[in-house]
Amino acid sequence: MKGSRFYNPQFDLFLPTIVDLKFRDQKDTMERPFFSLSKSKRMKPIEYNNENDGIFVTVQPHQEYGMATIWDADILIWAASVLCDMKNRGTNDIPRELKFQPHDLLKAIQRGTGGKDYVQLKDSLERLKATVVTTNIRAKRGQKTTMFSWIDQWDDLVDAQTKESKGMTLTVSDWFYRGVTEDGGVLSIDPAYFSISGGRERWLYRVARKHAGGNGPNGFAISMPVLFDKSGAEGTYRRFKFEVLRIITRNDLPGFSLAVQTGAEGEPLVHMVKRELIGEGGHPEWIPLARTQARPKAPLPAKELLPDNKLPLLSPIIRTLSERTISAIRDQYPGWDIYALQHLYNEWLDADASRTPNNYEAAFKGWVRSHLDKQKASA
């Protein structure tokens, strides 16, 4: 894909221009650990369980693609912004499927538009589709938990001659869609957010925007151990604290000022306030919270983190198929319904726990080959 933009009326209708788009972020995703904060491939699940409010979030990576990152979430911010624009314009039946030119999306989130950027866009879409989230945040009525991937599907229409993209589509999950389109479900963000290079810096900006953005000159204070718990960051608490304190020393997040004091139990308290509310004297005086939470304990065993319905933490990742696998099987076995085959395969797995594979997709390919060979032999 070159840096030029392919015009296709089918993919240009109803979407706001880059200049007109006002960026919005879905509130529930801004303070909980939903994304990897590192660009390196993350294979360790996120298991967050808040005993105070009962909120839990489990994020399962994919064997091949890893976990969706906070940079991949830029695509969700773009999608939320487009959906909000449609809502504000009075669009009837706002769709979950968005059609767009990759050039426009990349420009909107301040990325390059060359071939490498196009490949990275597709990789991001694959991680957003393959990562599986389980949570009780906004679970549907009558349900204790909800399970979803960030996007249900994405497609790329490629010109047969030039091999350039003629347009793409993505379908956001129902959970994300409802969170964006319900009243009060989003917050505006500074376009400068997309220029933040570090994963922890990006996450701190989102926390500050969520909690300090509307809290006036008093801002918002949070203990470092709680920040660590909410971040889902890999590595030790000590390393996390060191890096966050270094970010506070630089104090260059767009729109927000950060400061730190020592809390009652010896751990740092991080204070966030909007820069526009700070006078010439710099960060305002503030009173630390009277009591802070203790340093986080070692994570509980996975079984203790399960919700009441004892939903297995590892089963979602095992049951995911990447677009690459789907395409390969369709090419090798044209005419077969891959999702019907997957349903049969899952039933076969469920019939005997010893059949659980280490690599779901590789085992699925082998099962399909064996299953269809038997079909041919018996025909």
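Inside the range 245-277, residues that are assigned to a helix (DSSP H, G or I), under 18 Å from residue 210 (Cα atoms) and β-branched (Val, Ile, Thr) make up a count of 1.
Among the conditions (1) modelled with pLDDT of 75 or more; (2) in a helix (DSSP H, G or I); (3) open to solvent by less than 70 Å² (accessible area, probe 1.4 Å); (4) not acidic (Asp, Glu), the only one that residue 317 does not satisfy is (1).
State whether one or more residues within the range 108-126 are within 21 Å of residue 202 (Cβ to Cβ) and assigned to a strand (DSSP E or B). No, there is no match, as no residue in the range 108-126 is within 21 Å of residue 202 (Cβ to Cβ) and assigned to a strand (DSSP E or B). Using the structure shown, decide if residue 83 is within 24 Å of residue 200 (Cα to Cα) and either modelled with pLDDT of 95 or more or buried (at least 22 other Cβ atoms within 10 Å of the Cβ) (or both). Spelling it out, it is not the case that residue 83 is within 24 Å of residue 200 (Cα to Cα) and either modelled with pLDDT of 95 or more or buried (at least 22 other Cβ atoms within 10 Å of the Cβ) (or both). Only one of the listed residues (201, 182, 126) is over 30 Å from residue 261 (Cα atoms), modelled with pLDDT of 95 or more and not polar (S, T, N, Q). That residue is 126. Among the residues of the range 61-79, those identified as assigned to a loop (DSSP other than H, G, I, E, B) and either closer than 19 Å to residue 177 by Cα or open to solvent by 10 Å² or more (accessible area, probe 1.4 Å) (or both) are 63, 64, 65, 68, 70, 71, 72. Across the range 197-233, the qualifying residues are those that are crowded, with 20+ Cβ neighbours inside 10 Å and among the β-branched types (Val, Ile, Thr), and the one among them that is farthest from residue 71 (Cα to Cα) is 222. Taking the numbered list (1) at pLDDT 95 or above; (2) surrounded by fewer than 17 Cβ atoms within 10 Å (Cβ to Cβ); (3) of a type in the set (A, V, I, L, M, F, W, C) in turn, residue 139 passes all entries but (1).
Of the residues making up the range 350-370, those that are in a helix (DSSP H, G or I), within 23 Å of residue 65 (Cα to Cα) and open to solvent by less than 70 Å² (accessible area, probe 1.4 Å) number 8.
So that you can scan it fast, the table gives a plain yes or no per residue for (1) farther than 22 Å from residue 205 by Cα; (2) of a type in the set (A, V, I, L, M):
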| residue | (1), (2) |
| --- | --- |
| 37 | no, yes |
| 44 | yes, no |
| 61 | yes, no |
| 78 | no, no |
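Yes/no matrix, rows are residues, columns are (1) under 20 Å from the mean Cα position of the chain (by Cα); (2) surrounded by 21 or more Cβ atoms within 10 Å (Cβ to Cβ); (3) on the phi < 0 side of the Ramachandran plot; (4) touching a residue at least 12 places away in the same chain (Cβ under 8 Å):
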| residue | (1), (2), (3), (4) |
| --- | --- |
| 127 | yes, yes, yes, yes |
| 131 | yes, yes, yes, yes |
| 151 | yes, yes, yes, yes |
| 164 | no, no, yes, yes |
| 168 | yes, yes, yes, yes |
| 176 | yes, yes, yes, yes |
| 179 | yes, no, yes, yes |
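The single condition among (1) in contact with a Leu (Cβ under 8 Å, 6 or more places away or on another chain); (2) assigned to a helix (DSSP H, G or I); (3) of a type outside the set (Gly, Ala, Ser); (4) modelled with pLDDT of 95 or more that residue 58 does not satisfy is (2).
The values are calculated or read from the model by the stated rules, or taken from the named source; none is laboratory data. Everything quoted here is computed from the prediction, not taken from an experiment. Reconstructed Cβ throughout: ideal geometry from the backbone, glycine too, with neighbour counts over all protein chains shown. Protein only, heavy atoms only, side chains kept; ligands, DNA and RNA dropped before computing areas. Shrake-Rupley method; radii C 1.70, N 1.55, O 1.52, S 1.80 Å.
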